[in-house]
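Engineer: Here it is, the structure, as C-alpha cells.
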Amino acid sequence: MPSKTIIITALSSELNQSLVPKHVQIFYSGIGKLNAAIATFEAIAQTRPERILNFGTVGAVAPHASGLIEIQRVVQRDMIAEPLAPRGQVPFCTRPFEYLSESGQYTCGTGDSFVMAKDPWFAANNVDVVDMELFAIAAVAYAHNIAWRSFKYVTDHTNEKSGQDWQQKVRHGDSLFIEKLNEIL
C-alpha cells in the first residue's frame, strides 16, 4: 500500500534510502532553494501526497539547538531587497514570507549560502538554525495545500569549522530521523 507521505531530502549522504520504509518514497532534491522547489513540484506531480516530510542537516545559530530538532517556522534569510521590502520578504509579492508547520518548536532560516558566522538578523528574527532548502519546500507545499513537517539534524554551530563539522556529522542524524518517521507513520 503506497504511503500518502513522501520525504524530500537534499542529499543521499544525509539520508540513506535503504533505511526508509519501502512504502515511503524519498526524493533527493540537491542543494539549494531552486533545486528544492523543482524537486518538490515534481514529487507532488508524481505522488499527490497528503504530507511532505523534510529531513536534512542544519547549522545552529542559537546555542540551544542540538541533535534532532523539528522546525515549526521557516523564513528566507537571503532575500535582501531593502528598501523595497524588509529582509526576508520578496518585494511586491503576495505569498507569505514565512511558513508554519503543524508542529515543532524551532525556526529555520533558509538561504543559498553555507553559513559560517553569526548574523545579528538571525537573533532579531528568532532564527535558531540555518539550511539551504526548507523555505522552498514549505512554499511549494503551501501552494498545493499540502501539510509539511521538517526534522533537521544539527551538524555544526556556524563558525570557521562548520564545513569540516558538517562533513564529519552529515550521516549522524539519519537513524534518529528514522525513529521519528516510524513514530509518525
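Values in this text are rule-based calculations from the coordinates and carry no lab data. Keep in mind the model is a prediction, meaning the values are calculated, not measured. We place every Cβ from the backbone using ideal geometry, glycine too, and count neighbours over all the protein chains shown.
Engineer: Show log10 I(q)/I(0) for the chain at q = 0.12, 0.13, 0.16, 0.18 Å⁻¹, two decimals, from a solvent-free Debye sum over equal Cα scatterers.
Structural biologist: Treating every Cα as an identical point scatterer, log10 I(q)/I(0) equals -0.52, -0.61, -0.93, -1.19.
Engineer: Of the beta bridges DSSP finds with both residues in the chain, what % are antiparallel, to the nearest 5?
Structural biologist: If I count the DSSP bridges inside the chain, around 25 percent turn out antiparallel.
Engineer: What does the charge add up to near Ser29, with Lys and Arg as +1, Asp and Glu as -1, over the other residues with Cβ less than 12 Å from its Cβ?
Structural biologist: Once positives and negatives cancel, what remains is -3.
Engineer: Counting only pairs 8 or more residues apart or on different chains, how many lysine pairs in the chain have their Cα atoms under 29 Å apart?
Structural biologist: Close lysine pairs under the 29 Å cut-off: 22.
Engineer: Shifting gears a bit: At a 10 Å Cβ-Cβ cut-off, how would you order Lys152, Lys33, Lys161, fewest neighbours first?
Structural biologist: Least to most surrounded, the residues fall as Lys161, Lys33, Lys152.
Engineer: Suppose every Lys and Arg Cβ carries +1 and every Asp and Glu Cβ carries -1, with no other charges. What dipole size does the chain come out with about its Cα centre, to the nearest 20 debye?
Structural biologist: 320
Engineer: Please order Ser101, Ser18 by the number of other Cβ within 10 Å, starting at the fewest.
Structural biologist: Ser18, Ser101
Engineer: What is the order of Cys108, Cys93, fewest Cβ neighbours within 10 Å to most?
Structural biologist: Fewest-to-most Cβ neighbours within 10 Å comes out as Cys93, Cys108.
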